[in-house]
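Q: One structure is given below, represented as structure tokens, and several questions about it will come after.
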Amino acid sequence: MTNISSDVIRGYNDTIILYLLLNKPSYGYEISKQIKTLSEEKYIIKETTLYSAFTRMEKNGYIESFYDHDITGGKRRTYYRITDAGRQYYQAKCDEWALTKDVIEKFIQKTEQNGGINYGNN
Amino acid sequence: METIRNYLDTMFSGLPNTVEVAKAKEELWQMMEDKYTELKNEGKTENEAVGTVIAEFGNLEELAEDLGISSFIKEDDESELSGRKIELSDAKNFLADKKLQAYMTGLGVLLCIISLDGAIITDCLLDNAILGMLFMFSAIGIAVAIFVFSGITSSKWNYLTKETCHMDFATTEYVRTRQEAFRTQYALMLSIGVLLCIISILPPILFSEMSIFFADDLGPAIMFFIIAVGVFMIVSASNIQKSFKTLIITGKKANAYNSYSTPAQKRRYNNPKINAVMSVYWYTVTCIYLCISFLTFDWHITWIIWVLAAIIEALIKHMDMQL
């Protein structure tokens with residue numbers, strides 16, 4: 001099975017996290033769980049990676065942190081909320097990805113559904 | 001849960017105590033705790049939950065720049081490249097091999113001691129010294145074969161004590177759990193073993209009181225048998241215990257500095273000459289004990305040799321410290 005390369009995904013961890021914060025504030029574990037579920041368990045983000053992204057984005061002003069109590073229990077957690085700058089940054093990253101995807105796609109050899117390689121001469 | 005806390009503490013143990021570091025630790029702890037709780041609620045076992053949380057923790061290197069701890073992490077990183085990593089599967093194999101080896105060594109020793117029984121029993125029952133000798137030497141032969149075999153099979157693990165090795169935290173914790181699980185059995189085997197050795201002197205005493213046929217010979221025969229079983233338990237238990245210790249030392253040092261080079265075999269004596277002589281001290285004593293005992297057959301008194309030997313060893317140790 002192919003594993004996701006951490007080098008490749010590194011540039012898009014911010015995008016993934018910001019996407020999950022678009023609609024509502026969230027906290028560390030919830031985000032990591034959502035990443036796991038939405039990626040169909042193909043990408044499991046490491047705790048250190050996640051925390052590193054939080055601190056970096058907070059420094060850059062893309063997210064803000066605040067303390068709050070859990071809805072269910074009484075547990076106090078650090079929540080993160082997206083800022084306007086964060087939304088702009090997210091949009092920019094989405095555009096960047098669209099472009100990146102377009103470019104890289106041109107260099108990816110297509111494999112037919114039946115498994116054979118299409119050399120483009122049939 | 002305790003394990004995860006320990007893990008996090010060890011990971012952060014070498015780092016400066018700044019606000020950023022403390023905050024990072026707190027946040028990471030929160031995430032790990034949440035994940036652990038959820039995994040447990042999903043019905044995972046303690047081991048599975050702890051294993052997953054630690055495996056998915058990541059690497060402090062990623063935080064180095066944000067926390068201003070690059071200098072600390074880099075040092076560790078360099079040394080981490082050196083040495084051989086002991087994976088969880090290696091540790092499991094090692095423990096399994098060592099366990100088998102422990103029982104084999106125990107069995108070998110048991111055969112050596114029991115070999116005497118053959119001689120005694122056949123001598124008094126069948127009045128046939130040759131058959132007894134045959135039994136004795138074949139038992140010793142099998143024992144030696146077992147020693148050689150277990151020595152060869154375990155030699156593949158020699159690198160653990162000879163090379164620079166390191167082991168990650170999860171593996172160390174696994175070994176620790178195994179050792180913990182073995183604790184009761186260890187204590188039990190050890191005390192039963194010692195107990196058997198002590199009560200082994202009873203049969204000769206009891207049988208010598210009774211004046212039945214061949215009672216004089218049966219006493220020692222039973223004594224040797226009881227000693228054999230006792231020694232088997234002591235040898236097996238301590239060898240298994242030793243295997244846990246070997247691994248845990250590797251892991252403990254590795255996590256304190258993130259990497260660990262096994263120090264050169266610690267010398268017990270400062271003076272190299274004394275050290276060389278003392279390395280064969282107990283073998284020599286055993287040899288002397290067996291020789292004198294077999295020659296004189298004064299088993300009831302020759303055990304004094306052990307006491308004397310221990311006193312002499314203590315004296316030599318004392319001398320060595322003064323040198």
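The values are calculated or read from the model by the stated rules, or taken from the named source; none is laboratory data. As the structure is a prediction and not an experimental result, all values here were calculated from the model. Cβ sites come from the backbone with ideal geometry, for glycine too, and all protein chains shown count toward neighbours. Surface accessibility is based on the protein's heavy atoms, side chains included, excluding ligands, DNA and RNA. Shrake-Rupley method; radii C 1.70, N 1.55, O 1.52, S 1.80 Å.
Q: Out of all the residues in the range B:29-57, which are more than 9 Å from chain A (Cβ to nearest Cβ) and not in a helix (DSSP H, G or I)?
A: Across the range B:29-57, the qualifying residues are B:Glu42, B:Gly43, B:Lys44, B:Thr45.
Q: Further, regarding this structure: Being touching a residue at least 24 places away in the same chain (Cβ under 8 Å) and more than 9 Å from chain B (Cβ to nearest Cβ) is true for just one of A:Asn23, A:Asn13. Which residue is that?
A: On inspection, the qualifying residue turns out to be A:Asn13.
Q: Mind checking which residues of the range B:289-306 are among the charged types (D, E, K, R) and in a helix (DSSP H, G or I)?
A: If the condition is that a residue be among the charged types (D, E, K, R) and in a helix (DSSP H, G or I), then no residue fits.
Q: So if I check each of A:Thr2, A:Thr72, which one is at pLDDT below 90, more than 14 Å from every other protein chain (Cβ to nearest Cβ) and open to solvent by 40 Å² or more (accessible area, probe 1.4 Å)?
A: Residue meeting the stated conditions: A:Thr2.
Q: Oh, and also: Here are some conditions: (1) under 20 Å from B:Thr105 (Cβ atoms); (2) not in a helix (DSSP H, G or I). B:His166 meets all but one. Which one does it not meet?
A: If we test B:His166 against (1) under 20 Å from B:Thr105 (Cβ atoms); (2) not in a helix (DSSP H, G or I), just (1) comes out false.
Q: Testing B:Val175 on (1) in contact (Cβ under 8 Å) with a residue 24 or more places away in the chain; (2) under 19 Å from B:Gly51 (Cβ atoms); (3) open to solvent by 70 Å² or more (accessible area, probe 1.4 Å), one condition comes back false. Which one is that?
A: Failed condition: (3).
Q: Could you pull out the residue among B:Leu15, B:Leu63, B:Leu8 that is open to solvent by less than 40 Å² (accessible area, probe 1.4 Å), at pLDDT below 90 and not in a helix (DSSP H, G or I)?
A: B:Leu15
Q: Scan the range A:45-68 for residues that are surrounded by 15 or more Cβ atoms within 10 Å (Cβ to Cβ) and within 13 Å of chain B (Cβ to nearest Cβ) and report the count.
A: Residues meeting the conditions: 15.
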